[in-house]
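The values are calculated or read from the model by the stated rules, or taken from the named source; none is laboratory data. Everything numeric in this text was worked out from a predicted model, so none of it was measured. Every residue, glycine as well, gets a Cβ built from its backbone with ideal geometry; the counts of neighbours run over all protein chains shown. The accessibility values were calculated without ligands, DNA or RNA, using every heavy atom of the protein model including side chains. Shrake-Rupley method; radii C 1.70, N 1.55, O 1.52, S 1.80 Å.
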Amino acid sequence: MSTLDLIDVTKNYGIVTAIEPLSLSIGDGELVCLLGPSGSGKSTLLRIIGGFETLTAGRVLIDGIDVAFAPPEKRPTAMVFQSHALWQHMTVFENIAFGLKLRGFDKTEIRRKVETGLSLVGLQDYGGRHPAQLSGGQRQRVAIARCLVLEPKILLMDEPFASLDQHLRDRLREEVRQIQKTLGITTVFVTHGQDEAMSVADRIVVMSMGRIEQVGTPGDIYATPATPFVAGFIGDMNMIPVMVSNGHATIGGLRLAASVADGPATLAVRPEDLTLGGLDAAGFGAAQVTRMVNYGSFFKVTALLAGTEWKVQAPKTAAVAQGQSLPLSVGRYQLFRDDRMVFRSDVG
Amino acid sequence: MDAGNNRTGRIDFLAYGFIAIPVMAIVVFLFYPAALAMFGTLFHKRPDGGLAFDASSYIFFFTDPYSLANLMRTLWTTFVALVLIVAVNLPIALYMRFTRGWLASLIQGLALFPMFVPGIIICYALIRYLGPNGWLQSLLNAVGFTHYASPITTPWGPVIGLIWDGMPMTLLILISGLGTISDASIEAARDVGAGRLRILRSIILPQITHSILIVSALNFLGFFGQVLMPFMLGPTNPEMMGPFMLRTFVSVRDPLQAATQATITFLICSLAGLAYVRSLANRKEER
């Protein structure tokens, strides 16, 4: 059982706050993604967990033991770095064995563990090579094996696939997820790619400006973003300013139920929750199709309504053509006001 | 010949043109007279005008206790200065590589300062500071310590001068070598449980062996043939090869023996040069 609890963790660099006080609990065997744009504090938070940054205040508990001020070498964590950080003068075998030697394992045990680690990442025959003789993906696999053989309580991954091409990234991501599930190792994974987070995480922690914006499963985060930032950051989202009065949000002929106080708000609708050309749609507005991009299985349509561009995902079978004026209707939607969600159409 | 080849041909011709002048200058003004001098140490003119092989100057050198003592003193000074210059500069380079801030900048400035000071000024400064009745002795006398023995007149005098003189280049090369080690690779070592000494021994030093080898080779060449520092500092008997050659040539007026000493110096320095070239070649191969 390995759990990680961050309690009121804060990090300041002089007068600049990198991490505002935040708390987070990660359960045993869970894979949690820290997701956010550059400068959101996700890597700093990971480095605090790993011991590479000293926190300004707060506690870092691993299995209930506070390691907040322990150096990296004294923590039961292991980190996979973005740049793989392999030691160029050592062979693959020596890279993986280095940590085991420091832990005092005998030669036979080291050999057994290194071979197990190499086979776990599919590099059984590469022990004698130097990092310079490996491809980018193979190097990152070695870096992962180097961490796994130490059997850390918490595995930390700092954008491990950022330097790899898309195809390799997808493959390695799946492999890592499989290994993580097999070993049941608690993992914190930093990424700025929402696709990556959505595909590997049990839970996603969306961060911005050193704050946690939302914590939830990939499905929850996508379906019900808690803040305008999350709504705009995760997936495509139309963020349209609307006026609410008498229980309805209105814009250019669109009239949507909204049981919130009167005043301005931001309407958030996913492209797939918009329909162009639905004849019996209630509360529709007439939108002009200005652009269509063929994505193979669907069209991404840009339509103009009330002077605002709306992104619509239309099926291949939809009778939509550029220049057409068609009724635009809204399915699921949310309303945001003062940086928080105030209304969900599917809840009321 | 197509246009591409013409173009390539022109570029090659231009490149040879560019290097021709310096290569000619080196050959005419350096290699030729050096080869002539070396040849002259082994082949002497007979009374009948012909040339005869004669290694008597070498036999003299290797049987003359004074010459051998000078060679040994030169080797001792060079190796001691070499070990100390790496030992002094490595911690400074490590500090400057892994620390940021005003103190690191200040140390860098101080360490590179000797680069801008002529050697003769350094010699006088060391004599005035460390020499007999110098500032240090006066300062120690003022606090009641009267047993100061100046190192300037001992074999350590040239060692101190050589370290001071070779410090900037050594530091720059070591810092450059350390610059190739990423922060992440150090952090990865800490992450798997390595302490500072272990990181130094297992991660940092193996990755800067090229730099240490280059520093050693270049300093060896510089130290072994030094004239100024051993001439100004240290004892006169035995003396280093630099002042020994100078004195043999200018004061003793024995050009043959001076050329023999120079050839022996050249051959010993060639070994260091060879190590330097091999290190560069290995590095290129690794890349």
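Determine which member of the set A:Leu120, A:Leu134, A:Leu86 is of a type outside the set (Val, Ile, Thr) and in contact with a Leu (Cβ under 8 Å, 6 or more places away or on another chain).
Residue meeting the stated conditions: A:Leu120.
Of the conditions (1) open to solvent by less than 30 Å² (accessible area, probe 1.4 Å); (2) farther than 30 Å from A:Gly51 by Cα, B:Ser138 satisfies every one except a single condition; which number is it?
The one condition B:Ser138 does not meet is (1).
Which of the following residues is open to solvent by 30 Å² or more (accessible area, probe 1.4 Å) and part of a helix (DSSP H, G or I): B:Ile85, B:Ile92?
B:Ile92
Between a residue in the stretch A:98-127 that is aliphatic (A, V, I, L, M) and any residue that is loosely packed, with under 14 Cβ neighbours inside 10 Å, which pairs come within a Cβ distance under 6 Å, given they are 6 or more apart or on different chains?
Qualifying pairs under 6 Å: A:Leu118/A:Gln124.
If you take the residues of the stretch A:158-211 that are of a type in the set (Ser, Thr, Tyr) and surrounded by fewer than 19 Cβ atoms within 10 Å (Cβ to Cβ), which of them is nearest to A:Gly232 (Cα to Cα)?
Once the filter is applied, the top-ranked residue is A:Ser199.
Just give me the residues in the stretch A:61-82 being more than 7 Å from chain B (Cβ to nearest Cβ) and either within 26 Å of the chain's Cα centre (by Cα) or touching a residue at least 24 places away in the same chain (Cβ under 8 Å) (or both), in sequence order.
Within the stretch A:61-82, A:Leu61, A:Ile62, A:Asp63, A:Gly64, A:Val67, A:Ala68, A:Arg75, A:Pro76, A:Thr77, A:Val80, A:Gln82 qualify.
I'd like the full set of residues that are more than 7 Å from chain B (Cβ to nearest Cβ) and either under 17 Å from A:Gly50 (Cβ atoms) or not in a loop (DSSP other than H, G, I, E, B) (or both), limited to the stretch A:83-93.
A:His84, A:Val92, A:Phe93
If you check A:Gln124 against the conditions, is it open to solvent by 10 Å² or more (accessible area, probe 1.4 Å) and within 17 Å of the chain's Cα centre (by Cα)?
no
Please find, within the stretch A:306-320, the residue that is nearest to A:Ile240 (Cα to Cα) out of those that are surrounded by fewer than 13 Cβ atoms within 10 Å (Cβ to Cβ) and in contact with a strand residue (DSSP E or B) (Cβ under 7 Å, 6 or more places away or on another chain).
Looking at the filtered set, the residue picked out is A:Pro315.
Tally time: how many residues in the stretch A:129-187 are part of a loop (DSSP other than H, G, I, E, B), in contact (Cβ under 8 Å) with a residue 40 or more places away in the chain and away from every other protein chain (no Cβ under 14 Å)?
Looking only at that region, the number is 3.
Within the stretch B:248-261, can you find the residues that are closer than 15 Å to B:Phe61 by Cα and charged (D, E, K, R)?
B:Asp254, the sole residue that qualifies.
If a residue has to be assigned to a strand (DSSP E or B), among the charged types (D, E, K, R) and either crowded, with 22+ Cβ neighbours inside 10 Å or not assigned by TED's automatic domain parsing to the domain that holds A:Leu326 (or both) to count, how many in the stretch A:218-272 make the cut?
Residues flagged as assigned to a strand (DSSP E or B), among the charged types (D, E, K, R) and either crowded, with 22+ Cβ neighbours inside 10 Å or not assigned by TED's automatic domain parsing to the domain that holds A:Leu326 (or both) within the stretch A:218-272 amount to 0.
Here is a check on your reading of the model: is A:Ile96 among the hydrophobic types (A, V, I, L, M, F, W, C), in contact with a strand residue (DSSP E or B) (Cβ under 7 Å, 6 or more places away or on another chain) and at pLDDT 95 or above?
Criteria not met by A:Ile96.
Do we find that A:Gly122 is under 19 Å from B:Ala188 (Cβ atoms) and in the same structural domain as A:Leu35 (by TED's automatic domain parsing) in this structure?
For A:Gly122, the condition - under 19 Å from B:Ala188 (Cβ atoms) and in the same structural domain as A:Leu35 (by TED's automatic domain parsing) - is not met.
Hey, can you tell me all the residues within the stretch B:165-180 that are buried (at least 18 other Cβ atoms within 10 Å of the Cβ) and among the β-branched types (Val, Ile, Thr)?
If the condition is that a residue be buried (at least 18 other Cβ atoms within 10 Å of the Cβ) and among the β-branched types (Val, Ile, Thr), then B:Thr170, B:Ile173, B:Ile175 are the ones that fit.
Can you find a residue in the stretch B:207-214 that is of a type in the set (Val, Ile, Thr), in the same structural domain as B:Ile268 (by TED's automatic domain parsing) and closer than 21 Å to B:Phe116 by Cβ?
no
A quick yes/no check of all residues on (1) touching a residue at least 40 places away in the same chain (Cβ under 8 Å); (2) under 28 Å from B:Ile127 (Cα atoms); (3) of a type outside the set (Lys, Arg):
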residue: B:Met232; (1), (2), (3): yes, yes, yes
residue: B:Leu246; (1), (2), (3): no, yes, yes
residue: B:Ala258; (1), (2), (3): no, no, yes
residue: B:Gln261; (1), (2), (3): yes, no, yes
residue: B:Thr265; (1), (2), (3): yes, yes, yes
residue: B:Ala272; (1), (2), (3): yes, no, yes
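Keeping to the stretch B:185-211, report how many residues are facing chain A (nearest Cβ under 7 Å) and β-branched (Val, Ile, Thr).
Going through the stretch B:185-211 one residue at a time, the tally reaches 2.
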